[in-house]
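The block underneath contains the structure these notes are about, expressed in structure tokens.
The values are calculated or read from the model by the stated rules, or taken from the named source; none is laboratory data. Keep in mind it's a predicted model, so treat the numbers as computed, not measured. Neighbour counts are summed over all protein chains in view; Cβ atoms, including those assigned to glycine, are modelled from backbone coordinates with ideal geometry.
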Amino acid sequence: MPVPAPPTSTTVGATWRGGRRYDIARPGGPTTTIDGAGEAGTGPVDTLLGALAACAAIDVEDYLVKRRTPPERLTVTVRAERRAELPRRIMSAHLEFAIDGAGVEPAHAARAVALAVDRYCSVAASLAADIVIGRSMIVNGVPVSPSVEAQSE
């Protein structure tokens, strides 16, 4: 039985910049502003959802590039439901992938999305287990039905 790799560590800091603004960065890395008022940057929950979208999109792109069918355009829209009461945590998120590219086939795109969301996206894997993450796709302008996605698995 293979020995699991040791965990890696990541360090990120938040520096208060006044109001509800914080600069977020790794030591020596680029800075992102998170703003609870939404004026100078996205809020914390929007940033988390954006990280989920970007993480999954990176994995989808990697998969399609390895298949030699790179996307020409890839966007992910996240719609989330949050509790009305405090803490207003995320209860569910739905990721809609819009993927365009001359060689991108719906079944391959569906497989890429399934692998990204269910297996490779570290942000999705880091969310609480009870958060439901759904997904849908539009490939080259055509909505892809769940039956095509099921065929790819």
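A few notes on this one:
- Residues of the stretch 70-95 that are under 13 Å from the mean Cα position of the chain (by Cα) and of a type in the set (A, V, I, L, M, F, W, C): 74, 76, 78, 80, 93, 95.
- Taking (1) in a loop (DSSP other than H, G, I, E, B); (2) in the same structural domain as residue 140 (by TED's automatic domain parsing) in turn, residue 28 satisfies each apart from (2).
- Boolean, residue 63 is under 25 Å from residue 106 (Cα atoms), aromatic (Phe, Trp, Tyr) and surrounded by 15 or more Cβ atoms within 10 Å (Cβ to Cβ): yes
- Filter result (surrounded by 16 or more Cβ atoms within 10 Å (Cβ to Cβ) and not aliphatic (A, V, I, L, M)) within the stretch 43-58: 47, 55
- Scan of the stretch 62-77 for residues that are touching a residue at least 24 places away in the same chain (Cβ under 8 Å) and either of a type in the set (Ser, Thr, Tyr) or touching a strand residue (DSSP E or B) at 6+ places or on another chain (Cβ under 7 Å) (or both), ordered by number: 63, 69, 71, 72, 73, 74, 77
- Answer from 87, 71 - the residue that is surrounded by 13 or more Cβ atoms within 10 Å (Cβ to Cβ), assigned to a loop (DSSP other than H, G, I, E, B) and in the same structural domain as residue 120 (by TED's automatic domain parsing): 71
- Against the conditions (1) more than 19 Å from the chain's Cα centre (by Cα); (2) surrounded by fewer than 17 Cβ atoms within 10 Å (Cβ to Cβ); (3) closer than 19 Å to residue 59 by Cβ, residue 127 satisfies every one except (1).
- Flag for residue 99 being in the same structural domain as residue 134 (by TED's automatic domain parsing), in contact with a Lys or Arg (Cβ under 9 Å, 6 or more places away or on another chain) and closer than 21 Å to residue 116 by Cα: yes
- Among the residues making up the stretch 10-36, those that are of a type in the set (Ser, Thr, Tyr) and closer than 18 Å to residue 51 by Cβ are 10, 11, 22, 31, 32, 33.
- The stretch 70-116 - residue that is among the hydrophobic types (A, V, I, L, M, F, W, C) and touching a Phe, Trp or Tyr at 6+ places or on another chain (Cβ under 9 Å) and, of those, nearest to residue 55 (Cα to Cα): 116
- Count of the stretch 1-24 residues which are in a strand (DSSP E or B), surrounded by fewer than 15 Cβ atoms within 10 Å (Cβ to Cβ) and either touching a residue at least 12 places away in the same chain (Cβ under 8 Å) or among the aliphatic types (A, V, I, L, M) (or both): 2
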